[in-house]
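The values are calculated or read from the model by the stated rules, or taken from the named source; none is laboratory data. The model shown is predicted, which means the values in this text are computed figures rather than measured ones. Quick reminder, even Gly has a Cβ in these numbers, built from the backbone with ideal geometry, and neighbours come from all protein chains shown. Quick note on the areas: whole protein, heavy atoms, side chains included, nothing else; ligands and nucleic acids left out. Shrake-Rupley method; radii C 1.70, N 1.55, O 1.52, S 1.80 Å.
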Amino acid sequence: MANFVRIFDTTLRDGEQSPGCSMNLKEKLEMANQLDKLGVDIMEAGFAIASPGDFASVKSIAKSIKNSSVASLARALTKDIDAAAEALKEAKFPRIHTFIATSDIHMAYKLKMTPDQVLQQAKEMVKYAKKYCSDIEFSAEDASRSNPEFLYKVFEAVIQAGATTINVPDTVGYTSPEEFVALIRGIKQNVPSIDKAIISVHCHNDLGLAVANSLAAIGAGAMQIECTVNGIGERAGNAALEEVVMNLNTRKDIYGVETRINTKEIYKTSKLLSSITGVRVQPNKAIVGENAFAHESGIHQHGMLANKETYEIMTPESIGLNENKLVLGKHSGRHAFEDKIVSMGYELDEDALTKAFEEFKVLADKKKEITDRDLEALVCRKVIQVPEYYKLDRFVINSGNTITTTSCMRLLTKTGHVLEEVVSSYDGPIDASYKAIDRLVGKKFILEDFVINAVTGGTDAQGEVNVKIKNKDRVYNGHGVSMDIVEASILAYISAINSMLYDQEENGR
């Protein structure tokens, strides 16, 4: 592909830093494999020096991924670069991504270094990283608020030291498209060795301009965009991968560039991330929101019936949405179920498929109509198999508006033990159930977030519950689906506890 833009995905690093979006090792591996299917050129697997857990995840992803380059972030410090190199040792295409701030405010107040010291540090650390691998990216943190003349000097020095990609971050989402274009053009014109490196941009969305700034930078000569799925990231997030890619795909007449992204994997990738983090995209979110291809207005519907292009500039199929309204029912067999799941883009191992089919048959006995969205809710978490340290056996709720609610909870442990507890609460069945689970587990958790959504419409809709629990300084996500919203809430809480126990077992917390 002669004229293409590289997609650098940082969902697993910058995206995971956003509050409530932490992932355990299995979740990161599943997300990394999906990003590989999506076709990202580079995925930033984490910040290896940050924690033993981050190091382990970078190492595992590096070993697993076969198509994309795998990068680890590192400050411009030898210990960071050593950790990144060690974690990336088994990567097929390793990249060390080192950075240092270059704006006056960051140098003075955060780094407490002079510009000359920053220039020297940047140059020496790129040279140091180069001994580990050939693919070195250098980022000038807060580049959009840096003195352009100083920025030119830093970029020239790091390219001479061996940097193959130079990144121009709009770290605090401060710049505008016109201003960013001028900066990129200035770099192209004033950095003598710029032809030896790829210009990358990393835009944040504090003023809602991350995607616009990224696209403007492409027009000015940037050939790598750093972004995240669903635009997750610190504060207001990063440039949304799906928005950048579909802009380039839909408006080739303007941008004239290609990407290697398989756009038919976009919707599945978005849903997987939402399922893992418990953070749903808003309905009117561009490309992947539930309403992105919905038409309610009579005028719009009339136009769509006459010609879809009247109100759709891209097709649902182009992002992997299945327009099929095929409904599986209680008489459907396993083969039909498996074919349907595969057609929706999911790949389950034998055990996960068996469990999903069993749950499907139970659901089919309860619901008249099972839609693709019901199946997505059923299957999505089956993709990631965290050990079930605790499993719901049964529960009985006694509740009413004139009595104190009681919850009788029975759990099965991983080792086969049966645990049972009865708790009363004035605050309803979910509170009583959570208190009973806390007693059975022997811990009291802080419930950081509790979100209920209906998977489909109607009184027989499945309820989807996402919870976040806090234990010490860590937050864990849980997900539950059931036609009974109390059961969905219980399943979500147990799921979060299992994620916590898995994380503690894997990382010795």
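Using R₀ = 41 Å, calculate the FRET efficiency as 1/(1 + (r/R₀)^6) where r is the Cβ-Cβ separation of residue 82 and residue 190; round to 0.05. Can you show the working numbers first?
Working: r = 33 Å, r/R0 = 0.81.
The formula returns an efficiency of 0.80 here.
Calculate, for residue 393 and residue 290, the FRET efficiency according to 1/(1 + (r/R0)^6) with r their C-beta to C-beta distance and R0 30 Å; round to the nearest 0.05.
Details: r = 34 Å, r/R0 = 1.14.
Working from the Cβ atoms, E equals 0.30.
Does segment 348-442 come out rounded, prolate or oblate by the C-alpha gyration tensor, with a ≥ b ≥ c the root eigenvalues, rounded set by a/c under 1.5 and, if not, prolate when a/b is larger than b/c and oblate if not?
On the way: a/c = 2.75, a/b = 1.48, b/c = 1.86.
Oblate, because a/c is 1.5 or more while a/b does not exceed b/c.
Tell me the label-point distance for the pair residue 104, residue 264, using the 7 Å Cα-to-Cβ offset, in nm and rounded to one decimal.
Taking the simple label geometry, residue 104 and residue 264 are separated by 5.4 nm.
Percent antiparallel among DSSP beta bridges with both residues in the chain, to the nearest 5? Spell out each step's value before the answer.
Values: 35 of 71 bridges.
Antiparallel bridges make up about 50 percent of those DSSP assigns within the chain.
Search the structure for amide H atoms under 5 Å from the amide H of residue 100, placed 1.01 Å from N in the peptide plane, and list their residues when 5 or more places away or on another chain.
139, 141
Decide, for segment 172-233, between rounded, prolate and oblate: order the square roots of the alpha carbon gyration tensor eigenvalues as a ≥ b ≥ c, take rounded if a/c falls under 1.5, and otherwise choose prolate if a/b is larger than b/c, else oblate.
On the way: a/c = 2.60, a/b = 1.67, b/c = 1.56.
It comes out prolate by the Cα gyration axes.
Ranked from highest to lowest mean number of other Cβ atoms within 10 Å per residue, what is the order of the peptides 426-435, 395-404? The partial results should precede the final answer.
Working: 426-435: 18.6, 395-404: 11.2.
In descending order of packing, they fall as 426-435, 395-404.
In terms of modelled amide H atoms, which long-range or inter-chain residues lie less than 5 Å from the amide H of residue 471?
Long-range HN contacts for residue 471: 476.
Taking every pair of alpha-carbon atoms in segment 95-166, what share in percent sits in each 10 Å bin, from 0 to the bin with the longest distance?
Taking all Cα pairs of segment 95-166, the binned fractions are 23, 56, 21, 1 percent.
Can you give me the distance in nm between label points at residue 282 and residue 474, each placed 7 Å from the Cα along the Cα-to-Cβ direction?
3.3
Report ³J(HN,Hα) in whole Hz for each residue of segment 468-478, in order, from the Karplus equation J = 6.51 cos²θ - 1.76 cosθ + 1.60 where θ = phi - 60°; Gly and Pro get x.
So the Karplus estimates, Gly and Pro as x, are 10, 10, 10, 10, 6, 9, 10, 10, 10, 9, x Hz.
Residue 422 to residue 362: FRET efficiency via 1/(1 + (r/R0)^6), r the Cβ-Cβ distance, R0 25 Å, to the nearest 0.05? Don't skip to the end; give the middle numbers.
On the way: r = 26 Å, r/R0 = 1.04.
Taking R0 as 25 Å, the efficiency between residue 422 and residue 362 is 0.45.
Quick one: pull the percent of accessible area on the chain belonging to carbon and sulfur, 1.4 Å probe, ligands and nucleic acids left out.
50
Highest first, please rank the peptides 409-418, 67-76, 33-42 by the mean number of other Cβ atoms sitting within 10 Å of their residues. Provide the component values of the computation, followed by the final result.
Working: 409-418: 13.4, 67-76: 24.2, 33-42: 21.8.
Ranked by mean Cβ neighbours within 10 Å, highest first: 67-76, 33-42, 409-418.
Whole number in Å², please: accessible area per residue of the chain, 1.4 Å probe, ligands, DNA and RNA not counted.
Details: 22590 Å² over 509 residues.
The answer is 44 Å² per residue.
Rounded if a/c is under 1.5, else prolate if a/b is larger than b/c, else oblate: which is segment 392-452, with a ≥ b ≥ c the root eigenvalues of its Cα gyration tensor?
Values: a/c = 2.13, a/b = 1.37, b/c = 1.55.
It comes out oblate by the Cα gyration axes.
Quick one: Karplus J couplings for segment 58-64, per residue in order, coefficients 6.51, -1.76, 1.60, θ = phi - 60°, nearest Hz, x for Gly and Pro?
Listing the rounded values in order: 4, 4, 5, 5, 4, 6, 7 Hz.
Just want the answer: with Cβ charges of +1 for Lys and Arg and -1 for Asp and Glu, which residue in 497, 162, 180 is farthest toward the dipole's positive end in the chain?
Towards the positive end, the residue furthest out is 162.
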